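Any read-out appearing in this document is the output of simple, stated calculations on the displayed coordinates, not a laboratory observation. All values derive from a computational prediction rather than experimental measurement. Cβ placement follows ideal geometry from the backbone for every residue including glycine, while neighbour counts extend to all protein chains displayed.
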Amino acid sequence: MVLCAVRRQLLGCSSSCGAWARMLQRQSSGCVYSSTHGFNLEEIKEKLQAFPGGSIDLLKQESGIAVLTINNPSRMNAFSGSMMVDLEERVSQLESWTDCKGLIVQGAAETFCSGSDLNAVRAISNPQDGMKMCMFMQNALTRLLSMLTEYFTQCRLPLISVALVEGRALGGGAELTTACDFRLMASGSVIQFVHKHMGLVPGWGGAARLVRIVGSQNALKLLGGAVKADPGLGLQIGLADGVLEVPQAEEGADTLLQQAENWLSHYTKGPAPVIQAVKKVVLSGRELPLSEALRTEKDVFGTVWGGPANLQALASKSKHK
Ligand SMILES: CCCC(=O)SCCNC(=O)CCNC(=O)[C@H](O)C(C)(C)COP(=O)(O)OP(=O)(O)OC[C@H]1O[C@@H](n2cnc3c(N)ncnc32)[C@H](O)[C@@H]1OP(=O)(O)O
C-alpha cells in the first residue's frame, strides 16, 4: 500500500489503487495510451492506412543486429500514414525476436527522414485526428525504446539501438532519432526540430526524450530556436554519440551502414542474454526511483548469475588486462 502510494506520487497519479493497477497494466503492454484514453488501435490504423506510400523495412541479421530502414525516397523519407502502421508492426516483430541485441535505424537513399508526410498532415489537421496520430506514434516509439515496460523487469525490446543520421532528420524525423539509445551523425548531416516553424511542438514523444538526452537548457534551445544541429553541435551537447565520414564512391571504404555496425558491435559483442541484461539495468537505473531500480538490478542480475556466459567466463579464468 505504501509502495503503491509512493509510485502514485512519483507518476503524478492521484486516484485510487484501482487506477494505479490499470496504469500498471498499460505499462506492462509497453504502451503509454490505451482505451482509457480514447485510444482505439484498429480505428486509428484504418485512418492512417488511408494515407499510403513508402514502407518501413526490417532486416534481421545473424549477428543479432537488425536494420530498420525508413523508405520513402521520393518524399525525403517522410512518414506516410501506412508507414506509421508499418513501424508499429516492425516493433512487434522485433519484440518477438529473442536473439536480438542491436538495432540500426536509417533512412533510404542517403537521407534520414523529413518527418510527417505533409500531405497526410494536411488531411488530418483537425485536433482529434492529430491526437490519435500522436498517441499512436508515442506508443510505437515508446515500445521501440522500451521506456515503460521495465517497471516489470520485462523490458520487451532490450536491444541497444542507434540512429544512423545521414542527410536530414527533420520534425518527426528528429523525434525518431531520440527513440534510439545512440545517434551517429554522418558528416554534413543535420538534426532539426523544425516544429516551431510549423506552428507545432513535438508530439511523438521527442521533447520528453530530448530533455533526457541533452538536458532541459539545450532542449529549450533546440526546440525554441528550431536550431540546425550539425555533427559538431550534436557532439558538443551530447545529441550525437559519434560522427561518421561519408565515404567517397571510389575509395572502397566502409559504407556508413558498415561503419555504424562496427561502432555498435563494441556494445553488442557477446551473448544476447548478457547484452539484454545490460540494457535492462541501465534503463531501470534511468527510469525508476533508486529503491525500485536496485530491486530491478537484483532481479536482472539473477537472470545472468550462474548462467552459461558467467560459468564459461569463470571456467576460462579470464583476466581483464
Ligand atoms: C509531429 C510531426 C511533425 C512533423 O514532422 S511536421 C513535418 C516537418 N517536415 C517538413 O516540414 C519538411 C518539409 N520539407 C522540406 O523542408 C524540404 O523538402 C527538405 C526536406 C529540406 C528537402 O529539400 P530539397 O532537398 O530541396 O528537396 P524538395 O523540397 O524538392 O523535396 C523532394 C520531394 O520530397 C517532398 N517532401 C519533402 N519532405 C516532405 C514531407 N515532410 N512531406 C511530404 N513531402 C515531402 C517534397 O515535397 C518534394 O516532392 P516533389 O518532388 O515536389 O513532389
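As an exercise, use a Förster radius of 45 Å and the Cβ-Cβ distance of residue 118 and residue 253 to find the FRET efficiency, rounded to the nearest 0.05.
Numbers: r = 36 Å, r/R0 = 0.79.
FRET efficiency, residue 118 to residue 253: 0.80.
Contact order normalised by length for the chain, with contacts defined as Cα pairs under 8 Å and 6 or more residues apart; what percent is it? Could the numbers behind the result be given before it?
Values: 525 pairs, mean separation 46.0, N = 321.
Normalised by residue count, the contact order of the chain is 14 percent.
Suppose R0 equals 35 Å. What FRET efficiency, 1/(1 + (r/R0)^6) with r the Cβ-Cβ distance, do residue 319 and residue 245 give to the nearest 0.05? Working shown, then result.
Values: r = 35 Å, r/R0 = 1.01.
It comes out at approximately 0.50.
Working out 0.36 nm times the residue gap between residue 269 and residue 50, then minus their Cα-Cα distance, what length gain in nm do you get to one decimal? Could the numbers behind the result be given before it?
Working: separation 219, 0.36 × 219 = 78.84 nm, distance 4.17 nm.
Extra length from residue 269 to residue 50 when fully extended: 74.7 nm.
For segment 170-321, what is the relative contact order in percent, using Cα pairs closer than 8 Å and at least 6 residues apart in sequence?
Values: 150 pairs, mean separation 29.1, N = 152.
It comes to 19 percent, rounded to a whole number.
Convert each backbone phi in segment 44-57 into a coupling constant with the Karplus relation 6.51 cos²θ - 1.76 cosθ + 1.60 (shift: θ = phi - 60°), then list the ³J(HN,Hα) values in order as whole Hz, x for Gly and Pro.
In residue order, the calculated couplings are 6, 4, 4, 5, 5, 4, 6, 10, x, x, x, 7, 10, 10 Hz.
For the chain, what is the percent of antiparallel DSSP beta bridges, rounded to the nearest 5?
Values: 8 of 31 bridges.
Roughly 25 percent of the beta bridges in the chain run antiparallel, per DSSP.
Hey, got the Cα dimensions of segment 89-178 along the principal axes, in Å, largest first?
Largest to smallest, the principal-axis extents are 40, 33, 18 Å.
At a 10 angstrom cut-off on C-beta neighbours, averaged per residue, how do the peptides 267-273, 80-86, 168-174 rank from highest to lowest? Mind dumping the intermediate values first?
Details: 267-273: 16.4, 80-86: 23.4, 168-174: 28.1.
Taking the mean over residues of other Cβ atoms within 10 Å, the ranking is 168-174, 80-86, 267-273.
Among 202-211, 245-254, 178-187, how do they line up from the highest to the lowest mean number of other beta-carbon atoms within 10 Å?
Working: 202-211: 21.3, 245-254: 10.5, 178-187: 23.0.
Those peptides, ordered most packed to least, come out 178-187, 202-211, 245-254.
Taking the Cα-to-Cβ direction at residue 98 and at residue 298 and moving 7 Å from each Cα, how far apart do the two end points lie in nm?
2.7
Kindly flag which residue pairs out of 280/317; 101/319; 196/269 have an alpha-carbon separation exceeding 29 Å in this structure.
196/269
Residues with amide H under 5 Å of residue 78's amide H, sequence separation 5 or more or different chain, H placed in the peptide plane at 1.01 Å from N; which?
Amide H neighbours of residue 78, under 5 Å, 5+ apart: 114.
Build a GNM of the chain with springs between Cα atoms under 10 Å: which of 294, 283, 141 gets the top mean-square fluctuation?
Sorting by GNM fluctuation, first place goes to 294.
Excluding residue 162 itself, calculate the net charge of residues whose Cβ lies under 11 Å from the Cβ of residue 162, where each Lys or Arg counts +1 and each Asp or Glu counts -1. Show your work: numbers first, answer last.
Values: positive: 183; negative: 181, 241, 261.
Once positives and negatives cancel, what remains is -2.
Tell me the relative contact order for segment 66-174 as a rounded percent, counting alpha carbon contacts under 8 Å between residues six or more apart.
Details: 149 pairs, mean separation 42.5, N = 109.
Relative CO of segment 66-174 lands at 39 percent.
Under the 0.36 nm per residue contour assumption, what length would be gained going from the current alpha-carbon distance of residue 197 and residue 309 to full extension? Could you put the intermediate results ahead of the total?
Values: separation 112, 0.36 × 112 = 40.32 nm, distance 5.11 nm.
Gain on extension, residue 197 to residue 309, equals 35.2 nm.
Taking the chain as a Gaussian network, Cα atoms linked when under 10 Å apart, which of 101, 279, 221 shows the biggest mean-square fluctuation?
The residue with the greatest mean-square fluctuation here is 221.
If R₀ is 51 angstrom, what is the calculated FRET efficiency for the pair residue 41 and residue 109, using the beta carbon separation as r and rounding to 0.05? Write out the running numbers ahead of the final one.
On the way: r = 31 Å, r/R0 = 0.60.
After rounding to 0.05, the efficiency reads 0.95.
For residue 103, what residues show an amide H to amide H distance below 5 Å, using hydrogens built from the backbone and excluding near sequence neighbours?
Amide H neighbours of residue 103: 66, 160, 161, 162.
So, in nm, how far is label residue 236 from label residue 125 when the simple model puts each one 7 Å beyond its Cα toward the Cβ?
So the two model labels end up 3.6 nm from each other.
Which of the lysines could be linked to residue 45 by a straight reach, that is with a Cα gap under 21 Å, when you skip same-chain ones fewer than 8 residues away?
Candidates past the 8-residue exclusion: 132.
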